[in-house]
Amino acid sequence: MPDSNAPSIETLNEWNRTNQLPPWASMNSWREEAYPMLTEAQGIYMWDDAGKRFIDGPGGMWCVQIGYGRAEMAKAISDQVMKLPYNSPWSSASEPSTVLAHKIAERAPGDLNNVFFTTGGSTAVDTALRMVHFMNNRLGRPEKKMMIAREKGYHGSTYLAASVTGKERDKTSFDVAHDLVRFLPDVNPYIRPEGMSVEAWCDAKVNDLEQLILELGPENVGGFIAEPILCSGGVIIPPEGYHRRTLEICRKHDILYISDEVVTGFGRLGHWFASEAVFDIVPDMITCAKGLTSGYQALGACIISDRIMERITGPDENVMFSNGYTYSAHPVSCAAALKNMDIFEDEGILEHVREITPYFQERLQALTKFSIVGDVRGMGLLGCIEGKLEDTSGLAADKKLGALLDAACERRGLLVRPLINMAVFSPPLIITRAQIDEMFDILEDALEEVTEAMGA
């Protein structure tokens with residue numbers, strides 16, 4: 001029975017505009033933005049206040065791996081709330097966090113056996129960056145602090161994580177720690193010069209890292225942070241062999257390699273982690289979040305190698321790794337992550353992703369038939385459409401195509417994530433072949449409309 005005291009949709013929309021500041025809000029228009037008011041979700045679908053159904057193309061924010069409406073998740077969360085809703089991680093441990101740390105360590109590559117729980121991806125990245133600084137201070141190398149990151153990389157919104165984020169077309173008035181980071185040029189093979197092979201492009205991109213280290217001085221460079229796939233940058237997949245070769249360079253110069261798997265971890269590419277299984281590397285640290293709980297609770301983790309822990313641990317002085325959060329290792333979030341992993345294993349979700357991926361990528365590649373599509377790229381259940389326009393006047397022209405495609409898809413019942421002249425998608429991992437067809441049929445229909453609207 002409906003709650004007669006519940007506010008109306010009109011009231012909720014007014015409160016949203018008046019009182020709630022959303023992420024990435026445009027300061028010239030945010031109070032006029034009409035955000036869809038979503039009311040429920042099930043499987044891969046969401047419904048708005050008017051009862052319209054949408055396919056959740058972005059999978060929430062790259063995260064709703066097991067889909068919506070999972071009663072077993074609700075029960076696991078509820079049971080933990082009633083059993084132990086909170087404990088201070090400064091002075092106690094809980095069964096959920098202890099078991100979860102063990103299960104993650106079992107599935108992480110190599111000697112990454114030490115799990116530090118955070119509140120999400122940004123704080124996981126901050127923890128990894130602080131670990132670089134902490135280790136080098138412990139080793140008597142206080143000058144070895146510089147981080148190397150990449151253009152188009154996204155690592156979070158906290159101060160340090162934002163500082164190593166390289167989305168150069170995002171206009172911002174926030175400060176970042178310019179003195180702690182230098183960026184490598186875009187690694188996207190799509191932009192390589194005409195006539196250059198992908199292999200030669202890989203050589204050039206690997207050389208970019210080596211030369212920057214030499215320019216800065218290896219004694220000043222503490223870490224290199226890299227997403228296996230630059231997801232928010234437009235699902236950019238570096239050329240084959242790039243990750244392994246850049247890791248070798250980092251090892252040569254005693255630079256810590258951080259693999260930011262906040263998106264690619266927990267099934268997006270059909271494995272618990274992509275670093276070793278897909279890209280043949282065992283980094284020094286892995287950051288994860290998002291799919292760790294399938295978005296049902298907020299949780300992140302920084303997974304640290306034994307090699308690092310051995311270097312920072314010693315009897316010489318009582319130095320604490322004084323990094324932590326009130327909600328680190330939150331027992332309810334950890335219980336949700338454990339149930340999420342149980343669902344993965346009980347339902348064979350990783351195997352399903354590996355099985356369904358070729359068809360997903362086949363439908364994606366077919367979109368190159370549209371004249372306004374410059375490139376399509378993807379891996380696993382990740383995809384990106386990059387538009388190609390005659391109008392090269394700037395950012396506003398690029399954004400027009402992304403906005404048109406977003407609107408055309410939304411009218412047809414598909415949510416995508418527009419990124420300037422691109423649309424990216426990462427649907428829940430439970431998506432079926434028939435639902436993949438439903439999704440790409442809408443995309444094709446929307447691209448036909450936008451092609452005509454753009455006069456292409």
**Prompt:** Restricted to the stretch 13-44, and to residues that are within 25 Å of Gly69 (Cβ to Cβ) and part of a helix (DSSP H, G or I), which residue is nearest to the chain's Cα centre (by Cα)?
**Reply:** Asn16
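Please specify each residue of the stretch 58-82 satisfying the condition of being among the basic types (Lys, Arg) and in a loop (DSSP other than H, G, I, E, B).
Hit for the stretch 58-82 is Arg70, nothing else.
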**Message:** Looking at the stretch 198-220, can you tell me whether even one residue there is within 23 Å of Ile308 (Cα to Cα), assigned to a loop (DSSP other than H, G, I, E, B) and either in the same structural domain as Lys252 (by TED's automatic domain parsing) or in contact (Cβ under 8 Å) with a residue 40 or more places away in the chain (or both)?
**Reply:** yes
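If the requirement is being modelled with pLDDT of 95 or more, aliphatic (A, V, I, L, M) and farther than 25 Å from Phe344 by Cα, which of these qualifies: Leu429, Leu419, Leu443?
So the residue among Leu429, Leu419, Leu443 that is modelled with pLDDT of 95 or more, aliphatic (A, V, I, L, M) and farther than 25 Å from Phe344 by Cα is Leu443.
So that you can scan it fast, the table gives a plain yes or no per residue for (1) over 19 Å from Gly295 (Cβ atoms); (2) β-branched (Val, Ile, Thr):
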{"residue": "Ile66", "(1), (2)": "no, yes"}
{"residue": "Lys75", "(1), (2)": "no, no"}
{"residue": "Leu84", "(1), (2)": "yes, no"}
{"residue": "Ala93", "(1), (2)": "yes, no"}
{"residue": "Pro109", "(1), (2)": "yes, no"}
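Have a look at Ile372, Ile385 and point out the one that is over 29 Å from Lys290 (Cα atoms) and crowded, with 21+ Cβ neighbours inside 10 Å.
On the way: Ile385 fails: over 29 Å from Lys290 (Cα atoms).
Answer to the selection: Ile372.
Is it the case that Thr165 is under 30 Å from Thr98 (Cβ atoms), buried (at least 23 other Cβ atoms within 10 Å of the Cβ) and not basic (Lys, Arg)?
No; evaluated as a whole, the condition is false for this residue.
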**Message:** Out of Pro85, Pro7, I need the residue that is touching a helix residue (DSSP H, G or I) at 6+ places or on another chain (Cβ under 8 Å), modelled with pLDDT of 90 or more and either part of a helix (DSSP H, G or I) or more than 23 Å from Ala335 (Cα to Cα) (or both). Which one?
**Reply:** Pro7
**Request:** Would you point out which residue out of Thr172, Thr165 is more than 17 Å from the chain's Cα centre (by Cα), without any contact (Cβ under 8 Å) to a residue 60 or more places away in the chain and assigned to a loop (DSSP other than H, G, I, E, B)?
**Result:** Thr172
**Request:** Test Asp260 against the criterion of being over 20 Å from His330 (Cα atoms), under 12 Å from the mean Cα position of the chain (by Cα) and not basic (Lys, Arg), and give yes or no.
**Result:** yes
**Item:** Residue ID - nearest to the chain's Cα centre (by Cα), chosen from residues in the stretch 281-326 that are hydrophobic (A, V, I, L, M, F, W, C), surrounded by fewer than 24 Cβ atoms within 10 Å (Cβ to Cβ) and assigned to a helix (DSSP H, G or I)
**Value:** Ile308
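Every residue in the stretch 53-74 that is over 28 Å from Gly234 (Cβ atoms) and touching a residue at least 40 places away in the same chain (Cβ under 8 Å), please. Explain how you work it out, then say what you get.
Keep residues of the stretch 53-74 that are over 28 Å from Gly234 (Cβ atoms), which gives 69-74.
Of everything in the stretch 53-74, those that are over 28 Å from Gly234 (Cβ atoms) and touching a residue at least 40 places away in the same chain (Cβ under 8 Å) turn out to be Arg70, Glu72, Met73.
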**Request:** Would you be able to say whether some residue in the stretch 55-70 is under 14 Å from Leu338 (Cβ atoms), more than 22 Å from the chain's Cα centre (by Cα) and surrounded by 15 or more Cβ atoms within 10 Å (Cβ to Cβ)?
**Result:** yes
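Determine, yes or no, whether Ala105 is in a helix (DSSP H, G or I), hydrophobic (A, V, I, L, M, F, W, C) and touching a residue at least 12 places away in the same chain (Cβ under 8 Å).
yes
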**Asked** Which numbered condition trips up Ala93, out of (1) part of a loop (DSSP other than H, G, I, E, B); (2) hydrophobic (A, V, I, L, M, F, W, C); (3) touching a Pro at 6+ places or on another chain (Cβ under 9 Å)?
**Response** (3)
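Yes/no matrix, rows are residues, columns are (1) assigned by TED's automatic domain parsing to the domain that holds Cys231; (2) touching a strand residue (DSSP E or B) at 6+ places or on another chain (Cβ under 7 Å); (3) of a type outside the set (Gly, Ala, Ser):
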site: Glu355; (1), (2), (3): no, no, yes
site: Gly383; (1), (2), (3): no, yes, no
site: Gly387; (1), (2), (3): no, yes, no
site: Ala434; (1), (2), (3): no, no, no
**Fill in**
The number of residues in the stretch 352-369 that are touching a residue at least 60 places away in the same chain (Cβ under 8 Å) and under 22 Å from the mean Cα position of the chain (by Cα) is 7
**Request:** Identify all residues within the stretch 1-39 that are touching a residue at least 12 places away in the same chain (Cβ under 8 Å), of a type in the set (Asp, Glu) and surrounded by 10 or more Cβ atoms within 10 Å (Cβ to Cβ); write none if there are none.
**Result:** Glu33
**Complete:** Matching residues in the stretch 172-201 (closer than 20 Å to Glu215 by Cα and surrounded by 15 or more Cβ atoms within 10 Å (Cβ to Cβ)) number 7
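The values are calculated or read from the model by the stated rules, or taken from the named source; none is laboratory data. Being a predicted model, the structure only gives us computed values, none of them experimental. Because the Cβ atoms are built from the backbone with ideal geometry, glycine has one as well, and the counts that use them run over all protein chains shown.
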